[in-house]
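Trainee: One structure coming up, written as structure tokens, with questions to follow.
The values are calculated or read from the model by the stated rules, or taken from the named source; none is laboratory data. Everything quoted here is computed from the prediction, not taken from an experiment. Virtual Cβ from ideal backbone geometry, glycine too; neighbours counted across all protein chains shown. Ligands, DNA and RNA are excluded from the accessible area calculation, which covers all protein heavy atoms including side chains. Shrake-Rupley method; radii C 1.70, N 1.55, O 1.52, S 1.80 Å.
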Amino acid sequence: MEEIVDVKSQLKISLPIAFESLINILMTLVDTLVISIVGTKELAALGAMAVILNIMQMSIQTINVSNNTLVAKSLGEKNLNKLKLVSGNSLILTLGISIFTIILVFLIQPIFPPLFNVDTIATTYLTIRLFGFIQSSIVTVLSGHQRTIGNQKSILYLRIFSVVLNLILDIIAVYYGYGIIGVAIVTVFIDTILAIYLSIYSRKNIKIKFVKEYFKDILKLFKWNFVERIASRVDNFIFNLIVARMGNLEYSVHVILLQIANVYESFIQGYGDGITISIGIASGKNDKNYMMKVKNVVKKLINYSSVILPFVILGLSIIIMNISLRETELQKIFLTVLPLFIIGCYITMSATYYFAILRGLRDFKFLAKRNIISSIIKIIVATILSFTPLGILGVWLGYLVYGIMQKVLSKKRYENISLESE
């Protein structure tokens, strides 16, 4: 793999992964838009089960991140046999967790329709999706493996193909009256095709053989990465509840803002993943000069991106506001919160320098503790300010405080690690 020593080389890694993250959002959006044509009953069922599927995929995404950092380190060490075995053991863990998750969800799925107050067709949709969960999990881990070893563009093209195919087959399924059931079958079909293709494509650089040492390394990173994700999910859930009690106008604006935030956060996450790969490789080389070159390139890249991205998101936000929020009162609320929202975008992008480096150095224990601390502060600030005349503005101030806390804590940790390494 080409050594990363300049901005152009780093962009070749980060941008394809960032755009792939955006495309993954489009995959879900396509299903939602197509089902919205069928009816509100089906749309509500799809939305409710999307929450469950998102929770199910959290553990697999955690394995993926853990595997990517270890694979990147193996690349830096030029230990190709270890690289193959690490991903092989990640797949073993993926299969085990996937089977356990499928059984658990299948047993408790009757409670979901009354819990979400949706039609029982939701359980039929979920049951079909369970048949594709193992394939979907394999795709997540194998695509992450391929990105890490340098095949970012190939995976991006594969994702584009899958989104286009998904759209075409969804439209056909709905046209012939299969509705939400047809959409579920299409998703399972595409996941199966991708899993088969990636398994064949990856067969030369993955070795399925249980190695206790590597399996324990994966589990160690998995544990803290999972805690980090759980903390974020819980605080987002409470964050939504706080705004929901304010009224329909505020919550409508809040939902739109969150959708826009999902767009830029997905892009930043993918962007950061590319940086994490480079840092992971550099850590495997155990060369301080090389690591410093990578950090300097990353710093320059983040500085540019932190200026450009907020302006892009500002333009996108105005466009979406004019499309989705046409009432004057809604636009007034939206524009009141927008400055805080854009500042939050800047903070997240600028903090990615520290987030990505700490992930590349596999400091997941700190990242988990950081998320717990910042999430608690976010909830406390948002709750208190929601009772003041600031209302929704106060809640989003809590979101801003959360971003600042994450950046401050991450920067301090990064500086401490830098001092220790000198």
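Trainee: Multiply the residue separation of residue 255 and residue 7 by 0.36 nm, subtract the distance between their alpha-carbon atoms, and state the gained length in nm to one decimal. Don't skip to the end; give the middle numbers.
Mentor: Values: separation 248, 0.36 × 248 = 89.28 nm, distance 3.55 nm.
Stretched fully, the residue 255-residue 7 segment lengthens by 85.7 nm.
Trainee: On to the next question. Give me the distance in nm between label points sitting 7 Å out from Cα along the Cα-to-Cβ direction at residue 383 and residue 411, one decimal.
Mentor: Going from the residue 383 label point to the residue 411 one covers 2.9 nm.
Trainee: Still on this structure, please answer the following. Work out the count of Lys pairs in the range 213-336 where the Cα-Cα distance is under 26 Å, with the pair 8 or more places apart or on different chains.
Mentor: Summing the qualifying lysine pairs gives 11.
Trainee: So how much accessible area does residue 265 have, in Å² to the nearest 10, using a 1.4 Å probe?
Mentor: Near enough 70 Å² of accessible area.
Trainee: Further question on the same structure: To the nearest 10 square angstrom, what accessible area does residue 95 show with a 1.4 Å probe?
Mentor: Only protein atoms counted, so the area is about 70 Å².
Trainee: Ignoring ligands and nucleic acids, what accessible area does residue 193 show with a 1.4 Å probe (Å², nearest 10)?
Mentor: Number for this one is 60 Å².
Trainee: For residue 262 and residue 176, calculate 0.36 nm times their separation in residues minus their Cα-Cα distance, and state this gained length in nm to one decimal. If you can, show how the numbers build up before the last one.
Mentor: Details: separation 86, 0.36 × 86 = 30.96 nm, distance 3.26 nm.
Taking residue 262 through residue 176 to full extension adds about 27.7 nm, to one decimal.
Trainee: Moving to a separate point now. Could you pull out which residues in the range 19-41 have an amide N less than 18 Å from a spot 7 Å beyond the Cα of residue 153, following the Cα-Cβ vector?
Mentor: Flagged as within label range: 19-21.
Trainee: On the accessible surface of the chain, probed at 1.4 Å, how many percent belong to carbon and sulfur atoms?
Mentor: Working: 13110 of 19710 Å².
The computed percentage sits at 67.
Trainee: While we're looking at this one, here's another question. Taking the Cβ of residue 174 as the center, what net charge do the other residues with Cβ under 12 Å away carry, scoring Lys and Arg +1 and Asp and Glu -1? Kindly include the intermediate steps, with their values, before the conclusion.
Mentor: Numbers: positive: none; negative: 31, 42, 170.
Within the 12 Å Cβ shell, the charges total -3.
Trainee: Would you mind classifying the chain by shape? Square roots of the alpha carbon gyration tensor eigenvalues, ordered a ≥ b ≥ c; an a/c under 1.5 is rounded, otherwise it is prolate if a/b is larger than b/c and oblate if not.
Mentor: oblate
Trainee: Extension gain residue 32-residue 248, at 0.36 nm per residue separation less the Cα-Cα distance, in nm? If you can, show how the numbers build up before the last one.
Mentor: Details: separation 216, 0.36 × 216 = 77.76 nm, distance 2.15 nm.
Using 0.36 nm per residue and subtracting the Cα-Cα distance, I get 75.6 nm.
Trainee: Once the dipole of the chain is set up with Lys and Arg at +1 and Asp and Glu at -1 on Cβ about the Cα centre, which of 180, 284, 232 lies farthest towards its positive end?
Mentor: 284
Trainee: Per DSSP H run of n ≥ 4, the term is -39500 (n - 2.57); total these for the chain, divide by its residue number, and report the mean residue ellipticity at 222 nm rounded to 500 deg cm²/dmol.
Mentor: Working: 14 runs with 371 residues, N = 422.
Taken over the chain, the calculation gives -31500 deg cm²/dmol.
Trainee: In whole Å, what is the distance between the alpha-carbon centres of the range 363-422 and the range 32-89?
Mentor: Taking the Cα centre of each part, the range 363-422 and the range 32-89 sit 25 Å apart.
Trainee: I'd like to verify something in the chain: which complete DSSP H helices, judged by Cα projection on the helix axis, reach 27 Å or more and average at least -0.5 on the Kyte-Doolittle scale? Show your work: numbers first, answer last.
Mentor: On the way: long enough: 7-38 (46 Å, 1.41); 40-77 (54 Å, 0.61); 80-108 (42 Å, 1.79); 152-175 (35 Å, 1.48); 179-201 (33 Å, 2.13); 212-244 (47 Å, 0.23); 248-285 (54 Å, 0.54); 288-324 (50 Å, 0.94); 328-360 (46 Å, 1.12); 364-386 (32 Å, 1.29); 392-421 (44 Å, 0.28).
Membrane-span-like by this criterion, though nothing is claimed about a membrane: 7-38, 40-77, 80-108, 152-175, 179-201, 212-244, 248-285, 288-324, 328-360, 364-386, 392-421.
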